[in-house]
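Student: After the C-alpha cells below, expect a handful of questions from me.
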Amino acid sequence: MPRVSQHHLDARRRQILDGAARCFVRNGFHATSMADVLRETGLSAGAVYRYFRGKEELIEAIVTEVLDAIRTTFETAARTSPPPPPDVLVGQVMTEVLTERSGLSCDGEDSFPRLMIQVWTETLRNEDLSAVMRAGYLKVRESWIRVVLAYQKAGLMRDDIPADHVARTMIAAAQGFAAQQALFGSAPVSVLQDGLRALMSMGGQRAS
C-alpha cells in the first residue's frame with residue numbers, strides 16, 4: 001500500500017475537527033452524536049475513529065488547538081522589544097480566533113464564540129476537559145505575564161501592579177468580548193481595540 005503523507009494526515013485531522021466544531025455549534029455538544037460528525041465530514045467511521053475515539057477527544061483537541069494558537073501569539077509578542085501595545089496585541093489574537101479560523105464558521109458566521117460558551121459549560125461537569133482548560137489557561141496567562149513584564153521593563157506600564165493581575169484582566173477582557181459575540185451578536189474586533197485604547201489613554205489626557 002502507498003504510504004500516506006503527513007500532509008494528508010494533517011488535512012484529514014483538520015477536516016474532522018472543523019466538521020465536529022460545526023456540529024457542536026449547530027446542535028450543541030450533548031445533542032451531537034458521532035454519526036452527526038460522520039455526516040458532516042463525509043468520512044467513514046474508521047477514518048474518524050483513527051484520529052479520535054469520541055466527542056470528548058474532539059472537543060479537547062479543538063480547545064487545545066485554539067489555546068495553543070493564542071499562547072504562541074503572545075509568546076511571539078513577548079520576544080519583541082517592546083511588545084505591541086495591548087490594543088494591538090489583543091486585536092491580533094481576537095482576529096485570529098474569530099475571523100481567520102474559517103473552518104470554524106457555521107452558516108456564514110464566526111462560530112468560535114458560541115463554541116466557547118458550550119465548552120465553558122461542559123467544563124463544569126467534565127473533569128478531563130476542565131484539566132485541559134486549566135492547563136491551557138495557565139499557559140496563556142504565563143505568556144501574558146511575560147508580555148506585561150516587557151511593558152514594565154520598557155517603561156510603558158507602571159510596575160507597582162503585579163503582572164499577573166494585569167494578565168488576568170486582559171484575558172478577562174478578551175473572554176468577555178467573545179462572550180458578547182456569542183450572546184448578543186457579532187461586532188468587529190475594532191470595538192474592543194477602541195475600548196482598550198480609550199482606557200489606556202486615561203491619565204495621559206484630560207478632557208477639556
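Student: Could you tell me whether any residue of segment 176-197 is over 30 Å from THR80 (Cα atoms), assigned to a helix (DSSP H, G or I), at pLDDT 85 or above and among the aromatic types (Phe, Trp, Tyr)?
Tutor: Yes, segment 176-197 has at least one match.
Student: Further question: In segment 1-28, what residues are assigned to a loop (DSSP other than H, G, I, E, B) and either touching a Lys or Arg at 6+ places or on another chain (Cβ under 7 Å) or more than 22 Å from PHE112 (Cβ to Cβ) (or both)?
Tutor: MET1, PRO2, ARG3, VAL4, SER5
Student: So which residues in segment 50-69 are open to solvent by less than 30 Å² (accessible area, probe 1.4 Å) and either in contact with a Leu (Cβ under 9 Å, 6 or more places away or on another chain) or in contact (Cβ under 8 Å) with a residue 24 or more places away in the chain (or both), if there are any at all?
Tutor: If the condition is that a residue be open to solvent by less than 30 Å² (accessible area, probe 1.4 Å) and either in contact with a Leu (Cβ under 9 Å, 6 or more places away or on another chain) or in contact (Cβ under 8 Å) with a residue 24 or more places away in the chain (or both), then PHE52, LEU58, ILE59, ALA61, ILE62, VAL63, VAL66, ALA69 are the ones that fit.
Student: Right, another one. Identify the residue in segment 133-159 that is closer than 22 Å to ALA182 by Cα and aliphatic (A, V, I, L, M) and, among all such residues, is most open to solvent (accessible area, probe 1.4 Å).
Tutor: That would be MET133.
Student: Would you check which residues across segment 160-179 are farther than 14 Å from VAL90 by Cβ and surrounded by fewer than 17 Cβ atoms within 10 Å (Cβ to Cβ) and list them?
Tutor: ASP160, ILE161, PRO162, ASP164, HIS165, ALA179
Student: List, please: which pairs have Cβ atoms under 9 Å, are six or more places apart or on different chains, and start with a residue in segment 184-202 that is in contact (Cβ under 8 Å) with a residue 12 or more places away in the chain and closer than 18 Å to SER111 by Cα and end with one that is of a type in the set (S, T, N, Q) and open to solvent by less than 50 Å² (accessible area, probe 1.4 Å)?
Tutor: Within 9 Å, the pairs are VAL189/THR95.
Student: Starting from segment 147-164, take each residue that is of a type in the set (S, T, N, Q) and list its partners that are open to solvent by 40 Å² or more (accessible area, probe 1.4 Å), counting only C-beta distances under 9 angstrom and pairs at least six apart or across chains.
Tutor: If the second residue must be open to solvent by 40 Å² or more (accessible area, probe 1.4 Å), the pairs left are GLN152/ARG158; GLN152/ASP159; GLN152/ILE161.
The values are calculated or read from the model by the stated rules, or taken from the named source; none is laboratory data. Quick caveat: nothing in here was measured; it's all calculated off a predicted structure. Here the Cβ is made from the backbone with ideal geometry for all residues, glycine too, and neighbour counts use every protein chain on show. Areas reflect the complete protein model, heavy atoms only, side chains present, ligands, DNA and RNA absent. Shrake-Rupley method; radii C 1.70, N 1.55, O 1.52, S 1.80 Å.
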